[in-house]
Structure formats: structure tokens, C-alpha cells
Amino acid sequence: MISVLGLLDNAPLEDGFDLTVWFARIEQSLSGDYQAWRSAVVSPNTLSKGQGWALLGWIEVAASEVVRNRSREILVSAVFAMALVLRSPLDTRDCAVVAALLRRASALAGLDYRSAVAEGCARAGEPDGDARRLFETASEDVPSTHIESGEGKSFKSVRLPSDIDIERLEQWLESGNPW
């Protein structure tokens, strides 16, 4: 049996890859064996940056699944997962964008957001921790980084492509020019 952190290490990286199987494995593991996740991610920086990104990516996909399936269990698992991601070296601002997607998904699905947040945070062993504060302050609007399309089973929240030229930005940063 693969460890919970091994599930994150096996995250599909290619664009266009069918995430269905990987998504289902993570969802089943988060909801069915959350004690193993708590034990594996017990302290800050237990998750590598790559594992943090993989789990945050899962949460982003989960937001659309919450709407499609009106699934409180996926919402609770995503909140729990976010509490774990916050123990990784990822920037909290990236987490805030995805938290807003979950808050919006909860509203679209007609789910009780506050009780799902409370349950997910309790699973993480941090009912009043960083995740709770993140979700309490999450925007109720679609983040400017995403657009929504479809409805019902065809709903999805899609990340907009960035118009930032990463290579040019890196060159500028390396040049040492102040502005």
C-alpha cells in the first residue's frame, strides 16, 4: 500500500492528464483514513513544496467536484487537506485563492460552509488554527485568477492563463535593476 505522502509524490504533472483516478485516490484516502494524513503531516514543513502544490492542486479540482456533486464530504476533505497544506512551505496567498474557490463552491452547491469548515479543521486537529482563519476570511467571490463555466455536472472552475512572461521576469530579477 502506498503512503499518503506517496500519493502526492505520484501526482500527475502533464497538462491534459486525466485526473479522475488520482483525484479519487486522494479523496478516498483523505476521507477514509484522515488519521494517517494527520500522522504523516504532523509538523510544519513535513510536506515538501512539491507535495504541497500537489495537494493544493487536488483542493482546486475538489472545488469543482463539490459543485458538480453537491458533496459535503468532498468539501470537508478539501478543508482538511488545506489545513495540511498550510503546514507546507507554500505561500498562504496561493492557499487563499483556493480557499475562495471552496467557499464559492459551497455556496453554489447549497452546502453549510461553516459546519464543513469546522469539521475539516477538527479532522486536522486544529479547530481554531490557521485553516479556520483562512476559511473565515476567504472571499465569497470567484477569484480574478479563475472563471466558471457550465452548470450542474458540467460545472468547472478554470484557472486563467497567466500573462506574465516568467523568463523575462526572472531575467529582470537576476539583473539587479531596482525598477
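Exactly one residue out of 101, 86 is open to solvent by 30 Å² or more (accessible area, probe 1.4 Å) and under 21 Å from residue 54 (Cα atoms), and it is 86.
Table: residues versus (1) closer than 12 Å to residue 67 by Cβ; (2) in a loop (DSSP other than H, G, I, E, B).
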residue: 101; (1), (2): yes, no
residue: 116; (1), (2): no, no
residue: 132; (1), (2): no, no
residue: 144; (1), (2): no, yes
residue: 148; (1), (2): yes, no
residue: 158; (1), (2): no, no
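Remark: pairs (first residue in region 106-120, among the polar types (S, T, N, Q); second residue open to solvent by less than 30 Å² (accessible area, probe 1.4 Å); Cβ separation under 8 Å; 6+ apart in sequence or on different chains) = 106/66; 106/75; 106/113; 106/116.
Here residue 94 meets the list (1) touching a Ser or Thr at 6+ places or on another chain (Cβ under 9 Å); (2) modelled with pLDDT of 90 or more; (3) over 22 Å from residue 122 (Cα atoms); (4) open to solvent by 50 Å² or more (accessible area, probe 1.4 Å) almost entirely, failing just condition (1).
Could you tell me whether residue 75 is out of contact with any Phe, Trp or Tyr (no Cβ under 9 Å at 6 or more places or on another chain) and among the hydrophobic types (A, V, I, L, M, F, W, C)? In short, no. Looking across region 1-42 at every residue that is of a type in the set (D, E, K, R) and within 13 Å of residue 61 (Cβ to Cβ), the one that is modelled with the lowest pLDDT is identified as 18.
Does region 66-77 hold any residues that are under 20 Å from residue 33 (Cα atoms) and either among the basic types (Lys, Arg) or open to solvent by 10 Å² or more (accessible area, probe 1.4 Å) (or both), and which are they? 71, 72, 73, 74 - these are the residues of region 66-77 that are under 20 Å from residue 33 (Cα atoms) and either among the basic types (Lys, Arg) or open to solvent by 10 Å² or more (accessible area, probe 1.4 Å) (or both). Please verify whether region 89-97 includes one or more residues that are of a type in the set (Asp, Glu) and either in contact (Cβ under 8 Å) with a residue 60 or more places away in the chain or over 23 Å from residue 142 (Cβ atoms) (or both). No - not one qualifying residue is present in region 89-97. When residue 24 is tested against (1) touching a residue at least 40 places away in the same chain (Cβ under 8 Å); (2) surrounded by fewer than 17 Cβ atoms within 10 Å (Cβ to Cβ); (3) of a type in the set (A, V, I, L, M, F, W, C), just one condition goes unmet, and that condition is (1).
When residue 148 is tested against (1) surrounded by fewer than 23 Cβ atoms within 10 Å (Cβ to Cβ); (2) modelled with pLDDT of 95 or more; (3) not hydroxyl-bearing (Ser, Thr, Tyr), just one condition goes unmet, and that condition is (2). Test residue 88 against the stated conditions and say whether it is modelled with pLDDT of 90 or more and outside any helix (DSSP H, G or I). Criteria met by residue 88.
The values are calculated or read from the model by the stated rules, or taken from the named source; none is laboratory data. This structure is a prediction, so every number in the text was calculated from the model and none was measured. Here the Cβ is made from the backbone with ideal geometry for all residues, glycine too, and neighbour counts use every protein chain on show. The protein model used for the area step is the full one, side chains on, heavy atoms only, and it has no ligands, DNA or RNA in it. Shrake-Rupley method; radii C 1.70, N 1.55, O 1.52, S 1.80 Å.
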